[in-house]
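Here the structure comes first, spelled out in structure tokens, and everything after it is commentary.
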Amino acid sequence: MIKPKSKIIATGSYTPDKIYTNEYFEKIVDTSDEWIRTRTGMKERHIIGEGQNTSDLSAQAARNALDEANLSPQDVDMILVATVSGDVGFPATACFVQEKLGAYNAIAFDISAACSGFIYGLDLADAYISSGRAKYVLVIGAEALSRITDYSDRNTCVLFGDGAGAAVLAPAEDDHGILATLLQTDGRLNHLLYVPGLGTKNPPSHESVDQGLHTIRMEGREVFKHAVKAMGDAAVQVIKKAEWSGKDVDWLIPHQANLRIIDATAKRANVAQERVFINIHKYGNTSAASIPIALDEARKQGKIKDGHNVVFVAFGAGFTWAAAAIKM
Ligand code: ACO
């Protein structure tokens, strides 16, 4: 039997109040509610408010998680924020989160692994806790992709939403915790999903803004194909690593990018449909935030209970993909 080293002791999430419905997109681009629902499963997404930043979403999700854990911000040793839509070029959004929480004992930095970022963060937190270098770690997935979305491009604008989810990790004391993780990257496929500007390659200029280089570019069909294969493979492998079969999985929490990708992943991993947690209709694709928001919802709705076997699986820009098997 695998002996876990760290476990999730609490979760929190926060999504902003403003909502873009499918009907809203019917007014701004050539699309329809029917197309969006049948192709993606999405109905609504939450959108960050004026004056709000990614660190505000993150800090609120983190406060909710710390409250549940009954910990004070001073107890936190490490803050990891998984995001590709941080507050500023630098410093890391995690530094702003540290300030907002007053968690001054924590080291803080960001993880840039797109939609897989939260699972990459869990793996890093597990490594720090396993080696005794940290006791309490806050892992946050947070995005405000609406700020880097081209709202004249129907191929991408209907897909993304904003929000944050957080988990507090602590040393495992029994058989509950992270049993297995799997992280993978293929940088050769970076051109299929990326933001061309905002960095050294195309520094911001009047021209770069006119060309929309600060917004998301995606070859949807190609991303779809790779996501189906990678997420299916990763789920199967992590279930095996945890010494389970698909039937042992109480809840599969996949990255919420497309309902058809989710269905294909569950089928491949041999997890029954009613064991798959889905909230894509409410939030769209919130990238790194999607799994921790779903995890928090599933726990707060009483669906995920103590002792349940849970699998996370994600795929995103890079390409990156990842999975984790956890006894809650
Ligand atoms: N409304 C109406 N028509 C549309 C829309 C829209 N919003 N968007 C695209 N179309 C059109 C296309 O222009 C295309 O028209 P054409 O055939 O005349 O060229 C047609 O619909 C079909 O396009 P496809 O690309 O074949 O549609 P598909 O079934 O693949 O669905 C989608 C597109 C939803 C984008 C899908 O490919 C997908 O979900 N891809 C994966 C996205 C993803 O997982 N991203 C990963 C992570 S994101 C991150 O890491 C930040």
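Just so you know, all these numbers are worked out from the coordinates, no wet-lab data involved. Keep in mind that what you see is a predicted model, and the values were worked out from it rather than measured. FYI the Cβ positions are ideal-geometry reconstructions off the backbone, even for glycines, and counts take in every protein chain you see.
Which lysines, if any, have their Cα less than 16 Å from the Cα of residue 229, not counting same-chain residues under 8 positions apart?
267
Divide, for the chain, the radius of gyration over alpha carbons by 2.2 N^0.38 Å, where N is the residue count.
On the way: Rg = 18.5 Å, N = 328, 2.2 N^0.38 = 19.9 Å.
My calculation over the Cα atoms of the chain gives 0.93.
Past the 29 Å Cα-Cα mark, which pairs from 27/201; 3/225; 135/225; 18/327; 27/282; 43/327?
In this structure, 27/201; 3/225; 135/225; 18/327; 43/327 lie more than 29 Å apart at Cα.
With a cap of 16 neighbouring Cβ atoms within 10 Å, and only residues DSSP puts in a loop, list the trypsin sites (Lys or Arg not before Pro) found in the range 245-328. Present the calculation step by step, with values, prior to reporting the outcome.
Numbers: sites: 247, 260, 267, 268, 275, 282, 299, 300, 303, 305, 327; in loops: 303, 305.
Filter output for the range 245-328: 303, 305.
Would you compute, for the Cα atoms of the range 6-175, the largest minus smallest coordinate along each principal axis and list the three values in descending order, in whole Å?
54, 35, 25
Multiply the residue gap between residue 225 and residue 104 by 0.36 nm, knock off their C-alpha separation, and tell me the result in nm, one decimal place.
Length difference between fully extended and current span is 39.2 nm.
Among all the aspartates and glutamates, which ones have a C-alpha under 14 Å from residue 240's C-alpha, if same-chain residues fewer than 8 places away are not counted?
Output for residue 240: 248.
Summing -39500 (n - 2.57) over the DSSP H runs of n ≥ 4 in the chain and dividing by its residue number, what mean residue ellipticity at 222 nm do you reach, to the nearest 500 deg cm²/dmol? Could you put the intermediate results ahead of the total?
On the way: 11 runs with 111 residues, N = 328.
Helix contribution divided over all residues of the chain: -10000 deg cm²/dmol.
If packing is taken as the average count of other Cβ atoms within 10 Å, what order do 169-179, 55-65, 219-229 fall into, highest mean first?
Values: 169-179: 18.6, 55-65: 26.0, 219-229: 16.4.
Highest to lowest by the protection proxy: 55-65, 169-179, 219-229.
I'd like the FRET efficiency for residue 72 and residue 21, computed as 1/(1 + (r/R0)^6) with the beta carbon distance as r and R0 of 35 Å, rounded to 0.05.
Working: r = 39 Å, r/R0 = 1.12.
So the FRET efficiency works out to roughly 0.35.
Given 0.36 nm per residue, what is the gain on full extension from residue 33 to residue 112 after removing their alpha carbon distance, in nm? Walk me through the numbers on the way to the answer.
Values: separation 79, 0.36 × 79 = 28.44 nm, distance 3.20 nm.
Length difference between fully extended and current span is 25.2 nm.
Need the full-extension length gain, residue 52 to residue 281, defined as separation in residues times 0.36 nm minus the C-alpha distance. One decimal, nm.
Working: separation 229, 0.36 × 229 = 82.44 nm, distance 2.33 nm.
Full extension of this stretch gives 80.1 nm more.
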